[in-house]
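Remarks on the structure that follows.
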Amino acid sequence: MGLAAQVVSVESDTGMMGGTGAHEFMYLNPVGEDTLLICNGCGYRANRQIAVCRKDDATKETPEPLREVATPGCTTIEDLARFLDVPASRTAKAVFMTGSIQGEERFIFALVRGDHELSETKLANAAGAVEMRPATEDEIRAIGAEPGYGSPIGVAEDTMVIVDERVAASSNLVSGANKVDYHCLNVNVGRDFEADLVADLVAVEAGMPCASCGALLQSARGVEVGNIFKLGTRYSEKLGANYLDENGKARPLVMGSYGIGVGRLLACVIEEHHDDQGIVWPISVAPFHVHIVVLSGNRPKGELEAAEQICRDLEAEKIEVLLDDRDERAGVKFNDADLIGIPIRITVGSRGLARGEVEVKMRNEQERNNVAIDALTGHVKDAVRKGQKAY
Ligand SMILES: [Zn+2]
């Protein structure tokens, strides 16, 4: 499709499809709505939703006594870190979500370090939650927490508390006190509250070290134009879709899913192949191979008939043809031909016809060639073959 050089595969979330692994095929372009993390050291590539990075070594300290301090107006990590003069990495940030876990609406209290962003995909996967959304202030207060000053200490029993593994590995962090204008010093997971789950929840950013090789990760934007899921036997077991093995024993089919984003691909092909005049279709995906422009419409007589004959000759050779026989000025037709971007343009005019010739121009070249009508079909077939080889 003329995109191979710009498309990479990245590790991705299995999401609703489930299964044991997934890859997305990403067209690298700043217009993309996905963020990818890429390692130039070892080739690791992943969607930011699930990308992992090397963890810094947290040193366990002796737990200090839990202490409440007044932090007036410090509702953000930046304010808090400045006010207490501690690095953001020594704070714990509460994120409040709700989601459906095994069919039951649950409040999910996530805790990440203040210098990290939460990956909602990682949180949803850790919690086994679907349809996750940010909790409302009323919902936050209903579990006994305070927006902007949230802490897992003392929240309602049925709250699901999920803590990032870096928070669990740290000692004496600053977190909220569930009270307006107050925070707690020296918060320690396991001593001051129990986590229901410890998991990697961090949304990886450019500049963080690669989990495999330690090189600094880079970020890029991409458009998901395709994907592959390893479904394994997740669906076939439920559906009873079995085959008989060599011993006649029924076994579930092993399945894969292969997706192509047709609409997005069209957008990406055009993004990659265009100029100021319009689209420049690669011949492999062009809606037609040839665009015939009849120079003067139905006058003078003979042009349209000649064009229709060329059209029939080409179609007999499985060449797909768009014929512009509108009664429009030549300039309008040429502009439209450039805009639509069919790879091969053939212009049929009475002057050329008098010499037994038509003009041939490739959309991606400036040069125009006069080609004898007798040799035209062969000429076009060669051009189509050449165009198909280019990708
Ligand atoms: Zn690496």
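No lab work stands behind these numbers, since they all come straight from the coordinates. These figures come from a predicted structure and were not determined experimentally. Heads up, the Cβs are rebuilt from the backbone with ideal geometry, glycines too, and the neighbour counts pull from every protein chain shown.
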Two-site FRET efficiency, Ala88 against Ala206, from Cβ-Cβ distance with R₀ of 25 Å, rounded to 0.05: 0.90
5 angstrom amide H check on Ala135, placed H, neighbours 5+ away: Phe96, Met97, Thr98
Taking C-beta distances below 4.7 angstrom as the pairing criterion, name the unpartnered cysteines of the chain, in sequence order. Cys53, Cys74, Cys184, Cys268, Cys311
Nearest-20 debye value, the chain charge dipole, Cβ charges on Lys, Arg, Asp, Glu: 1100
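How much mean residue ellipticity at 222 nm does the chain get from its helices, if each DSSP H run of length 4 or more adds -39500 (n - 2.57) and you divide by all residues, to the nearest 500 deg cm²/dmol?
-6500 deg cm²/dmol
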For a test of the definition: using alpha carbon positions, the gyration tensor, and the 1.5 limit on a/c, classify the range 67-203 as rounded, prolate or oblate. prolate
Show which aspartates and glutamates lie in cross-link reach of Lys179 when reach means a straight Cα distance below 17 angstrom and same-chain residues fewer than eight apart are skipped. Glu68, Asp79, Glu137, Asp138, Glu139, Glu146, Asp192
Of the options Leu217, Leu173, Val202, report the single residue whose Cα projects farthest towards the positive end of the charge dipole of the range 158-221 (beta-carbon charges: Lys, Arg +1; Asp, Glu -1). Leu217
Select from the range 12-94 those trypsin sites (Lys or Arg not before Pro) which occupy a DSSP coil region and have at most 16 other Cβ atoms within 10 Å, ordered by residue number. Arg54, Lys55, Lys60
Compute the signed sum of charges (Lys and Arg +1, Asp and Glu -1) over the other residues within less than 14 Å, Cβ to Cβ, of Tyr27. -3
Only bridges with both residues in the range 67-203 count here: give the DSSP antiparallel percent, nearest 5. 75
Within a Gaussian network of the chain (alpha carbon springs, distance under 10 Å), most fluctuating of Tyr258, Tyr149, Tyr243: Tyr243
On the formula 1/(1 + (r/R0)^6), with r taken between the Cβ atoms of Glu317 and Tyr235 and R0 of 41 Å, the FRET efficiency rounded to 0.05 is 0.40
Quick check on the exposure proxy: order His274, His23, His291, His116 from fewest to most C-beta atoms within 10 angstrom. His274, His23, His116, His291
Tilt, helix 373-389 to longest principal axis of the chain (alpha-carbon atoms), in degrees rounded to tens, equals 20
Find out how many positive minus negative residues lie around Ile270, taking Lys and Arg as positive, Asp and Glu as negative, among other residues whose Cβ is under 14 Å from that of Ile270. -3
Measure off 7 Å from each Cα along the Cα-to-Cβ vector at Val130 and Arg329, then give the distance between these two points in nanometres to one decimal. 5.9
Between helix 262-272 and the chain, what is the angle of the helix's C-alpha long axis to the longest principal axis, kept within 0 to 90° and rounded to the nearest 10? 70
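Where does the charge balance sit around Gly226 when Lys and Arg score +1, Asp and Glu -1, over other residues with C-beta under 12 Å from its C-beta?
With Lys, Arg at +1 and Asp, Glu at -1, the neighbours total -1.
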Please work out whether the range 37-144 counts as rounded, prolate or oblate from its C-alpha gyration tensor, where a ≥ b ≥ c are the square roots of the eigenvalues and a/c under 1.5 means rounded, while otherwise a/b larger than b/c means prolate and anything else oblate? oblate
